[in-house]
1. Determine, for each peptide in 119-126, 39-46, 22-29, 185-192, the mean count of other beta carbons within 10 angstrom over its residues, then list the peptides with the highest first.
2. Looking only at L55, L203, L230, which one moves most when the chain is put into a Gaussian network model with springs between Cα atoms under 10 Å?
3. Taking Cβ-Cβ under 4.7 Å as the only way to count a partner, pick out the unpartnered cysteines of the chain.
4. How much mean residue ellipticity at 222 nm does the chain get from its helices, if each DSSP H run of length 4 or more adds -39500 (n - 2.57) and you divide by all residues, to the nearest 500 deg cm²/dmol?
5. What percent antiparallel are the DSSP beta bridges of the chain, to the nearest 5?
6. Using alpha carbons only, how many angstrom separate the centre of region 1-56 from the centre of region 165-208?
7. Mind checking which of G212, G57, G69 has the largest fluctuation in a GNM of the chain, springs on alpha carbons under 10 Å?
8. Find how much the distance from V144 to N91 grows on full extension, using 0.36 nm per residue of separation minus their present alpha carbon separation; answer in nm with one decimal.
Amino acid sequence: MTQSDTVLVALNDGVLRLTLNRPEKLNSFNEEMHLALRAGLQRAHDDADVRAVLLTGAGRGFCAGQDLGDRDPRKGGPAPDLGHTLETFYNPTLRLLRALEKPVVCAVNGVAAGAGANIALACDIVLAAKSAKFIQAFAKIGLVPDAGGTWSLSRILGEPRAKALALTAEPLMAEKAADWGLIWKAVEDEALLPEASALAQSLAAGPTLGLGLTKRLIQAAATNSLDAQLDMERDCQRQAGRSADYAEGVTAFLEKRKPEFRGQ
Ligand code: T3D
């Protein structure tokens, strides 16, 4: 795994906490941070001891998207190939987040701008501090929303709100984002990390296989027909029904005690 201070990594009780850590740049992405985040997500995928992920940011911001200092046109030379940087750095992270069959909780501790906002939206459950805001900052610098933003915004919010946010780059405060259903909830600033950690902890103590299959099903639903989705539910339920966690869940219910899931 890539070792880098740009993403702090800590595993506790099944929760892999990944903290974006370039606070003086509002945790904007340079190449090192890209690779470190990707390595963290890959570990979450590979390591059976990881049963949930908590993604957050250090300092007063969550993530301000691309580090624009690395794109300074005044330094001269040809225009950068941003298609290449998306394919090389952003898109693999987005694909990993969606494909990871373990719950990913995002604690948006402050401003989430550009690709930073859209990486948050790609997580499974998003909590935000009430002071946090989401900004589709791209229009301010002549770019289009990336990191899956056009996909997630239009799916979650529909065209009218997606277009307005993307075309105006107006900040959307956390409470309004929650009212609109863009995120799970907005909480008092000081409650954010305790609440997000407790949620990640309870997910990490859950039936990991079943939770992963649930994520797969809900993500597939957007493009499946009802028939295809019913078939997929049948197949996933078959798999879940053979898991040790299912046997434990039913046994615990019948014995009137709390289940002890092992993620198997
Ligand atoms: O390039 C590619 O590979 C294509 C992919 C693109 C993906 C993208 O994300 S494009 C969008 C890039 N992001 C932005 O355009 C956002 C730029 N930042 C801002 O608009 C503002 O900083 C915020 C609205 C996010 C926050 O404003 P505010 O007033 O709270 O903070 P600030 O004073 O602007 O920023 C604090 C510091 O962070 C400041 O540094 P300083 O002056 O104290 O030394 C600022 O320069 C730095 N910072 C903030 N965002 C970035 C950044 N430095 C580099 N890159 C940034 N994106």
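The values are calculated or read from the model by the stated rules, or taken from the named source; none is laboratory data. Just so it is clear, the structure is predicted and the values come from calculations on it, not from any experiment. Quick reminder, even Gly has a Cβ in these numbers, built from the backbone with ideal geometry, and neighbours come from all protein chains shown. The protein model used for the area step is the full one, side chains on, heavy atoms only, and it has no ligands, DNA or RNA in it. Shrake-Rupley method; radii C 1.70, N 1.55, O 1.52, S 1.80 Å.
1. My ranking of the peptides, most packed first, is 119-126, 22-29, 39-46, 185-192.
2. In the Gaussian network model the winner is L230.
3. By the Cβ distance rule, which asks for a partner under 4.7 Å, the isolated cysteines are C63, C236.
4. Computed mean residue ellipticity for the chain: -13000 deg cm²/dmol.
5. Rounded to the nearest five, the antiparallel share is 25 percent.
6. Rounded to whole Å, the Cα centres lie 18 Å apart.
7. G69
8. Working: separation 53, 0.36 × 53 = 19.08 nm, distance 1.46 nm.
Taking V144 through N91 to full extension adds about 17.6 nm, to one decimal.
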